[in-house]
Each structure stands twice: as structure tokens, then as C-alpha cells.
Amino acid sequence: MPSSHSSVDISRSPEGKGYLLQTSQLLQGSLSQVFDFFSDAMQLESITPPWLSFRVTTPQPILIQEGTLIDYRLKLHGIPINWQTRIAEWEPPYRFVDEQLKGPYLWWHHEHVFEEVPDGILMTDRVHYGVPGGGLVHWLLVHRDVQRIFEYRRRRMTELFSQPAACEIPVGWRGGFARIQTRAEVAALKGRRVISPRTRRQSYTAGTVPRCQLPGRWGTCLPHRMAYLRCSRSSVPEPAWLRWCRRF
């Protein structure tokens, strides 16, 4: 288990060769839902930091099973890198392992474990990897990069598989609905109550959201901004069509 002082623990491998990353987090949902998410290789793009410019280049659809090869392209410190991994072990819905065949590391062995616990699904990542240049390169560059990548991954998984706290959000006088664009938005908005300025109570319908209820970068009205701050735990992504307030 990772150290209690950090969500992502990186240390020297007990085997004395390379490094070992460990991180665990509790997710809401069923075992099949969580595992099915990782059965879709394209979901890797949604949980990888934007600064890596990460893309899956293997033609779709990709059938994930033992022996499947998956190709990626990314940029690391501005340097384009091609990466290929192989699914070395596939044990749905409890565990799978991917390992690097081509890429920036000397080796990369990533074990994913999913376990049902009373409060949800405990997801554990264990990555055993080696770095060209040894300890100095790892200390100067790699340690920080790998930690940032997995901390971002943890945040995204929490957004995708968490139950947001109930909150009240005012909607416009005339209401109106717009389509939700991403699965993350639907998950983040599930179960919220919506309170209009006239104290009229509404509920979200599947795949829809009242207009002017999320913060826009440029023109959201103050009441909606204040209401959103009270609900900031949910970290709802901002779609482009909500950048301007459309409350009337």
C-alpha cells in the first residue's frame, strides 16, 4: 500500500533493480463498471495529463485480451515518443498487467488490481520500471514526471467514479436544457438537486443539464458562480457551450 504521506508512493524496488510505484484509491461503482472502463483502450486518453499530448494510435476497435498490442504517441518535455505495450496478463474483472515493448523506459511492468470492498472498489496500481541513466536521471526528471502523471490519473478517476455531494444550484428564470457532452459530466451531476430563483425544485434528467448552472470562464452570473463554489468538490468539466451565461 502507498505511504500515508503521499497518494503516489515511489521507492527503490525491493528486488534491488529499478523503481516501484504504488498507489491505491477507492472508487464508487461496480467491479464490472470499473474494469469495463479499462477494457476500452481509448479511455487512457481521458485519464492522462494534457501536457503529454497522449494519443492511442492503434486502429479501432481494440479487443483487449492477453497478447494485445497497443501503440501510443506522446510528447515528453517536447520530445515526441512512440510507445508500445503488450497486455501480458488479462484476468477480468480483477486484474491485468501491461508491459512496455517499445518506449522511454528500460522496462515498464504495470499491474492493475481491482477489489470489491464494503465502500466500493479498491483500485491498486503497481508499476515496476527502469530508467536510462540510472538514479541521477530518475531524481532529476523521471520521479517528478511519473508522480505527476499518476496523481492526475487519480484525480480523473475520482471525478469519473465518485458520488458528488448533494448541493443546490439556482437555474435561470426560464430554465431550458442542453445536452451533456461527456460521461464525466453525467457522472458528476448525478443526484444533484437544482433550485431555481423562484424556489421551484427540479431534478436532472438523464443526459441533460439546465442552462447556466455551470461556471463559465468569461460570463457566468454571480449567483451561479457562488452556487457552484459551494459544490466545487465535484470538479465538473466545463463544456464550451457554457462559457457564456445563457440564463434568460
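When Leu52 is tested against (1) closer than 21 Å to Arg144 by Cα; (2) in contact with a helix residue (DSSP H, G or I) (Cβ under 6 Å, 6 or more places away or on another chain), only condition (2) is not met. Annotation note: Cβ proximity below 7 Å between a residue of the range 125-140 that is assigned by TED's automatic domain parsing to the domain that holds Ala88 and modelled with pLDDT of 90 or more and a residue that is of a type in the set (Asp, Glu) and not in a helix (DSSP H, G or I) (sequence gap 6+ or interchain) occurs for Arg126/Glu111. When we screen Thr68, Thr58, Thr48, Thr23 for residues that are assigned by TED's automatic domain parsing to the domain that holds Trp139, within 23 Å of Val117 (Cα to Cα) and β-branched (Val, Ile, Thr), the only hit is Thr23. Annotation note: of Leu63, Leu20, the sole residue that is among the aliphatic types (A, V, I, L, M) and crowded, with 16+ Cβ neighbours inside 10 Å is Leu20. Listed conditions (1) surrounded by 14 or more Cβ atoms within 10 Å (Cβ to Cβ); (2) in contact with a helix residue (DSSP H, G or I) (Cβ under 8 Å, 6 or more places away or on another chain); (3) modelled with pLDDT under 95 are all met by Phe114, apart from (3).
The values are calculated or read from the model by the stated rules, or taken from the named source; none is laboratory data. Worth saying up front: this structure is predicted, and the values here are computed from it rather than measured. Don't worry about glycine lacking a Cβ; one is built from the backbone with ideal geometry, like all the others, and counts go over all protein chains shown.
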